[in-house]
1. List pairs: first residue in region 409-435 and farther than 25 Å from residue 221 by Cβ, second residue modelled with pLDDT under 75 and part of a helix (DSSP H, G or I) anywhere in the structure, Cβ distance under 6 angstrom, at least six positions apart or on different chains.
2. For region 327-367, how many residues are charged (D, E, K, R) and crowded, with 22+ Cβ neighbours inside 10 Å?
3. Condition first: more than 30 Å from residue 175 (Cα to Cα), of a type outside the set (Lys, Arg) and outside the structural domain of residue 239 (by TED's automatic domain parsing). Can you find one or more residues in region 350-363 that meet it?
4. Within region 377-397, is even one residue without any contact (Cβ under 8 Å) to a residue 12 or more places away in the chain and not in a strand (DSSP E or B)?
5. With the requirement that a residue be surrounded by fewer than 13 Cβ atoms within 10 Å (Cβ to Cβ) and either among the charged types (D, E, K, R) or assigned to a loop (DSSP other than H, G, I, E, B) (or both), what does region 100-124 give you?
6. Within region 195-292, which strands (runs of 3 or more DSSP E) (wholly inside it) include 2 or more residues that are β-branched (Val, Ile, Thr)?
7. Within region 378-403, track down each residue that is of a type in the set (S, T, N, Q), surrounded by fewer than 23 Cβ atoms within 10 Å (Cβ to Cβ) and in contact with a Leu (Cβ under 9 Å, 6 or more places away or on another chain).
8. Check residue 28 against each of (1) surrounded by 11 or more Cβ atoms within 10 Å (Cβ to Cβ); (2) farther than 20 Å from residue 396 by Cβ and name the one condition it does not meet.
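The values are calculated or read from the model by the stated rules, or taken from the named source; none is laboratory data. In this text the structure is predicted, and so the values were computed from the model without any measurement. Cβ placement follows ideal geometry from the backbone for every residue including glycine, while neighbour counts extend to all protein chains displayed.
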Amino acid sequence: MVLDKNEVEKLMSEDKLDMADFLFSDFDDIFDKTSYYSMYKDALIKEGYWTWERVHYPDKKWGLIENIYTHQKTKVINFSSMSYLGINFHPILIERCKKAIEKYGLSSTSAAMLDGITDLHLKAEARLAEFLGFEDSILFSSGYACMLGTTQGLLLNPKAAVVYDEYSHSSLQDGIKLASARRYIYKHNDLNDLEQKLIQASKHSQKLLLTEGVFSIVGDIPEIAKIISLAKKYNFRVMIDDAHGIGVLGKTGKGIIEEFSLKDVDIYSAVLSKAFGLTGGFTCSKKSVTDFLRLYSNPVIASSNVSPVFCEGILAVIDILESEPNHIKDLSNNIVYMRKMLADLNFPLEKAAVPIFCIPIGDATKLRKVSRFFYDNSILIHPIPYPRAPKGRGCIRFCLNANNTKEEIDIFIQILKIANDKFSLFNDGLFQVDRDEVHV
Ligand SMILES: Cc1ncc(COP(=O)(O)O)c(C=O)c1O
């Protein structure tokens, strides 16, 4: 399709334009694409359908957000925070980080292999490894950099092969794209398809099975023990991205490994930006693996190391987890309560009791309308449109944290019920996507 101004205006008036059209249509100039996109976006903002990119003003209980474009301020109940344990304002964490800033400044100002390592980095890496039961760990400046850098660093060889779930997060998919290993993608949590892919890939010499502990796109846990045992049957190393499991699963917050007493996890990666309330990511494994990544992972060698402040944050958060089990308990009680309330509404629940829930919406126009409905009703959820979701496969995601009160959950359930009556939200069942399309 060749898009010009008239065509863009016509499609907009018929509500037939989609964000994907700006990527894949023909335009003469890059700036045509960007200016028509701006025109489209301005129209959505004017009509009140731009519910993304909101400014947050910190508030202990009710959140205050501002529409970044219209500057309209709205008080909201936050069901979008992934600070699952609600400890990002914990006084011990804040106090210790303040002291670290005074001593170390804010930034590591350099890549780890140059001048970016302080004693706090070493302490945090050692503590994470000890906490999770591995020989060593390596820090990354973000969770995205961690997943990208771990896969890219380990799979940089055309003889290598990686088998991974179709729902894998874009940080993993991007790392795999940068590496030269052969890719084998299996249908989400389909053990037969997984075994087929493992058999096909078993001719390769350096083999990795990659899965998430909790899939963020759907909010489910794969059949992890069976997946690992199949991978081991065909001599694959196993890597888990436990971004949404660390701090959430397991009695003491050690994630998917603790929850299912897993034995054969070779590489365990997780992020600091969710339950830990910080910024960064880390990979735990044998020392030879972390040492290798220190020199062959692009985000480690070509990007500044995580801030020393977050290293102190890691030490503080692990201390908090060890001394205050109530945060994990409060989260788990909230999950139980929310699942009961959702079940009463006939919400199509996933099996796993995790704090992420997804409603597939599909059509982009419906997604905008549903997002605006929640926004207008002071509920903050995640609308996930293209390009974060596959084209035509947008979804609404909502999350729980340990600080959400029963009263907040009850209000949310009331609004969700009205939204379901109005938009038939639960008709499509659980999340289904076409293979190779997922990029969330
Ligand atoms: C499964 C998964 N891996 C990695 C990341 C990246 O983490 P960060 O936001 O800390 O960069 C995310 C973030 O949403 C995620 O869901």
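1. Within 6 Å, no pair qualifies.
2. Going through region 327-367 one residue at a time, the tally reaches 0.
3. no
4. No: region 377-397 contains no residue that is without any contact (Cβ under 8 Å) to a residue 12 or more places away in the chain and not in a strand (DSSP E or B).
5. Hits for region 100-124 are 102, 103, 106, 114, 115, 119.
6. In region 195-292, 237-241, 267-271 are the strands (runs of 3 or more DSSP E) which contain 2 or more residues that are β-branched (Val, Ile, Thr).
7. 403
8. Checking residue 28 against (1) surrounded by 11 or more Cβ atoms within 10 Å (Cβ to Cβ); (2) farther than 20 Å from residue 396 by Cβ, the one that fails is (1).
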